[in-house]
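Please treat every number below as a calculation from the coordinates, not as lab data. Quick caveat: nothing in here was measured; it's all calculated off a predicted structure. Backbone-built Cβ (ideal geometry, glycine too); neighbour counts: all protein chains shown.
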Amino acid sequence: MQTPRHLLRTSDLQVKEIESILDKAQSYKDTKHCDSLANKTIITIFFENSTRTLSSFEIAAKRLNANVIRLDVSKSSTSKGETISDTAANLNAMDPHAIIIRHKNAGAGYYLRSQVSCPIINGGDGAHAHPTQALLDLLTLKEYFGNDFSQLKGKKIAIVGDIKNSRVANSNIELLTRFGMEVLLVAPPHFLPPTNLPTFHRLRDIAQEVDAFMSLRTQTERHDKQIYGSLKDYASQYCITKEILGNRDVVILHPGPVHRNIDIDDEVLKDKRCKVLEQVNNGVRVRMAVLEYFINALDIS
Ligand code: CP
């Protein structure tokens, strides 16, 4: 049996592979249909809710002419006590070419990989990793900064919000620093992880010196108790507003879902510097390239 490669975190990919995947993603800008995954079967299992990642992966797979099977977790046998490892082993027995999983537990993909003979793609696991989100963020930044990876070097990005509980932050910190960006973390003390990166408690202190902002929502589902005064107080310090941005040439990202007027205010969401929907659009192309890369690699190895 071939040993598949899995995409569980961004560090599973070398820089050259990432560049190649993102180049391929860009080549899919106007592609609504091709046959590169014809006759392949892709299973999606999302144990946590999703608007963007699930639909984006499924659209990506369908654009490549793959068969997509969505396991409805509410009707799966996990509710009868089946472990996710056993669920994976049983799905694997049906010979899928890839399994895409989201789970609230960090590291879920690592438990599953010993049970399967196809690639596992992590669609987000707890506060650990969300590799395809970071890849689509990297593509959005690359396109903004002259469409050249070398232009990312030395650019400063402030990641703002509940960084400690964010898989998006974890994956982006790993990936963006590898591509030479300077990452600043901006959050109240209770939202900051242990880190060697520069940290700030006041958004206004760094707003004039960064080239990009990545705003994150408060991950209340991962808090065991309320650890901040109120979202209104939080917003007064950390919401990205027109006043914070001024007329500066900056780019604003957010993985979604956005808490309007808490993470980013309504006016900034309408501003052309805000690339939230462009990120979503890039997500489909990136996931097309990722699926093709991992599934077809298995075919030729
Ligand atoms: N960015 C992201 O993961 O969004 P969803 O939770 O809607 O998939």
Matching residues in the stretch 1-16 (part of a loop (DSSP other than H, G, I, E, B) and of a type in the set (Val, Ile, Thr)) number 1
Within the stretch 251-275, restricting to residues that are more than 16 Å from the ligand (Cβ to nearest atom) and assigned to a loop (DSSP other than H, G, I, E, B), the one that is surrounded by the fewest Cβ atoms within 10 Å (Cβ to Cβ) is Lys272
Reported set for the stretch 140-166 where residues are buried (at least 24 other Cβ atoms within 10 Å of the Cβ) and either acidic (Asp, Glu) or assigned to a helix (DSSP H, G or I) (or both) is Leu141, Asp162, Ile163
Checked Arg260, Arg217, Arg167, Arg204 against criteria (basic (Lys, Arg) and touching a Gly at 6+ places or on another chain (Cβ under 6 Å)); the one match is Arg167
The helices (runs of 4 or more DSSP H) lying entirely within the stretch 17-121 that contain at least 3 residues which are more than 20 Å from the chain's Cα centre (by Cα) are 84-92
Pairs returned, first residue in the stretch 44-63 that is touching a residue at least 24 places away in the same chain (Cβ under 8 Å), second residue that is among the aromatic types (Phe, Trp, Tyr) and within 13 Å of the ligand (Cβ to nearest atom), beta-carbon separation under 7 angstrom, 6 or more apart or interchain, are Thr44/Phe57; Leu54/Phe46
In the stretch 58-85, anything within 16 Å of the ligand (Cβ to nearest atom) and farther than 20 Å from Val284 by Cβ is listed as Val73
Any hit, the stretch 41-57, residues being surrounded by 13 or more Cβ atoms within 10 Å (Cβ to Cβ), more than 16 Å from the ligand (Cβ to nearest atom) and among the basic types (Lys, Arg): no
Restricting attention to the stretch 122-137, the residues that are within 10 Å of the chain's Cα centre (by Cα) and either farther than 8 Å from Ser171 by Cβ or more than 10 Å from the ligand (Cβ to nearest atom) (or both) number exactly 10
